[in-house]
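The values are calculated or read from the model by the stated rules, or taken from the named source; none is laboratory data. These numbers come from a predicted model, not from an experiment. Cβ placement follows ideal geometry from the backbone for every residue including glycine, while neighbour counts extend to all protein chains displayed. For the accessible areas, the whole protein counts, side chains as well, though only heavy atoms, and no ligand, DNA or RNA atoms are used. Shrake-Rupley method; radii C 1.70, N 1.55, O 1.52, S 1.80 Å.
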Amino acid sequence: MPRSFRWLLILFVATIVGWTLLLPVVPLALSLAGESDAIAGASTAIFMATTVLAQLLTPKALRRWGYRLVLAVGLALLGVPALAFLAFTDAVPVLAISAVRGVGFGLLTVAANAMVAEIAPPQLLGRAGAAVGITSAATQTVCLPAGLALAEFSSTTPVFLIGALIPTAGIACVLLLPPVTREPSDIAQTKARLPWSVLLAPVLAMAVMSAAFGGFSSLVPIATLGIANAATLALVVASAALVAGRFVGGRSVDRLGPSRLLLPSLLVAAAGLGGIALGFHGGVSLPLVVVGAAALGLGFGLCQADSLVTVFTAAGPHRRGAASAAWNVAYDGGTGAGALSLGVVATVSGYSIVFAVATAVVLVAVPFTLRL
């Protein structure tokens, strides 16, 4: 890999730190200030809403301003506004700050993922995507509990300071990334529409997978309430399997070519979800839930690795920003939609039915992968 790829990985770390360190702490700060649970939850919802909106607009920003400026602006918008949390704890300013930070995160996710395809050699794109996925997952695994622990044992102040400092310092990495130049003919091609007939399968696979995983991550802690360490075990196993799937998938995609793992990844994840559904039928069978979580995580990791390379290959070198936007919107939008919709199903029908429904949703994407 080129040396500049290391700086891109550090940029990903700065982005994930800025996001996950504050993810549970902002709602906590609102709650400690006397705001309702609905307002506390709204801080995350608004952050993700503006993230998706920014992701849709990032390809146009990349064409107009280029990668380095968009990345620098994204890091600044994610980091600097976090300092305002030190001064404001009321609902309106906190929600407004969250909205601004969501824009920064949206710019970063699309531009940074597209930059992977610009820097990595085509024959190593799968490995490069796997390296990014593993780096991001590892950073998230550390920072998510660390932010909450720091807030509980000290205060929210150091969390907000670190959450502002790390992404802002990450701007230095942007200066070390190579410039991406376009010929006039290339710029014209970036405005052409993406071939959705080809992109439908990987984007749909990512959307249904992230919806299922988002629902699993949100509901398992509630479904296993009262069973010591059950949720922690299931989530750790799922996360570890996801990292393994991303690693194996990245190497396999480079060897086999794009789109070859989409169908197997869907079937593995569906089998895992089916196991989880059985694990919650008539009580809680923790072994079934944990084994199902491993299969779900493995399938999702394989899907991430393959779908990212597939969308970049289908889009071609001139529309990587648009391809990255499609992939990231499927990921983030699917996660939010899955947590919300499967939560509604759980309220009405119970957890076994929830994961049976999630199994069916994942299988919906199978026929589209058969056309590839």
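When the accessible area of segment 75-118 is split by element with a 1.4 Å probe, what percent falls to carbon and sulfur?
Reported share for carbon and sulfur atoms: 77 percent.
Report the FRET efficiency, 1/(1 + (r/R0)^6), for THR157 and VAL92, where r is their Cβ-Cβ distance and R0 is 22 Å, rounded to 0.05.
Once the sixth-power term is evaluated, E becomes 0.55.
Per residue, how many Å² of accessible area does segment 308-356 show with a 1.4 Å probe?
Here the per-residue accessible area is 35 Å².
How big is segment 1-102 along each principal axis, measuring the range of its Cα positions in Å and listing the largest first?
Principal-axis extents of the Cα atoms in segment 1-102, largest first: 49, 26, 20 Å.
Run the accessible area of segment 192-267 with a 1.4 Å probe and give the carbon-and-sulfur part as a rounded percent.
Using a 1.4 Å probe with all protein chains present, segment 192-267 comes out at 69 percent carbon and sulfur.
If the only charges are +1 at each Lys and Arg Cβ and -1 at each Asp and Glu Cβ, what is the size of the charge dipole of the chain around the Cα centre, to the nearest 20 debye?
Charge dipole of the chain: 1200 debye, to the nearest 20.
Regarding segment 199-264, what are the three Cα extents along the principal axes, ordered largest first, in Å?
Here the Cα extents, ordered largest to smallest, are 45, 23, 12 Å.
Based on alpha-carbon centroids, what's the gap between segment 303-362 and segment 43-120 in Å, whole number please?
So the separation of the two Cα centres works out to 20 Å.
Rounded to the nearest 500, what is the 222 nm mean residue ellipticity of the chain from helices alone, with -39500 (n - 2.57) per DSSP H run of 4+ residues and division by all residues?
After summing the helix terms and dividing by the residues of the chain, the value is -27500 deg cm²/dmol.
May I ask you to compute the full-extension gain from VAL236 to ILE222, defined as 0.36 nm times their residue separation minus their alpha-carbon distance, rounded to one decimal in nm?
Stretched out fully, the VAL236 to ILE222 stretch lengthens by 3.5 nm.
Within the chain, which whole H helices from DSSP have a Cα span along their axis of at least 30 Å and a mean Kyte-Doolittle hydropathy of 0.0 or more, if any?
Flagged H segments are 37-65, 91-119, 125-153, 196-223, 230-256, 286-315, 320-349.
Take the Cα coordinates of segment 256-366, assign each an equal point scatterer, and use the Debye formula without solvent to give log10 I(q)/I(0) at q = 0.09, 0.12, 0.20, 0.21 Å⁻¹.
Debye intensities relative to I(0), on a log10 scale: -0.28, -0.47, -1.06, -1.12.
How big is the chain on each of its three principal axes, counting only the C-alpha atoms and giving the largest first in Å?
That gives 62, 54, 31 Å along the principal axes, largest extent first.
If you stretched the chain out fully between VAL344 and VAL364, how much longer would it get, using 0.36 nm times the residue separation minus the C-alpha to C-alpha distance?
5.2 nm
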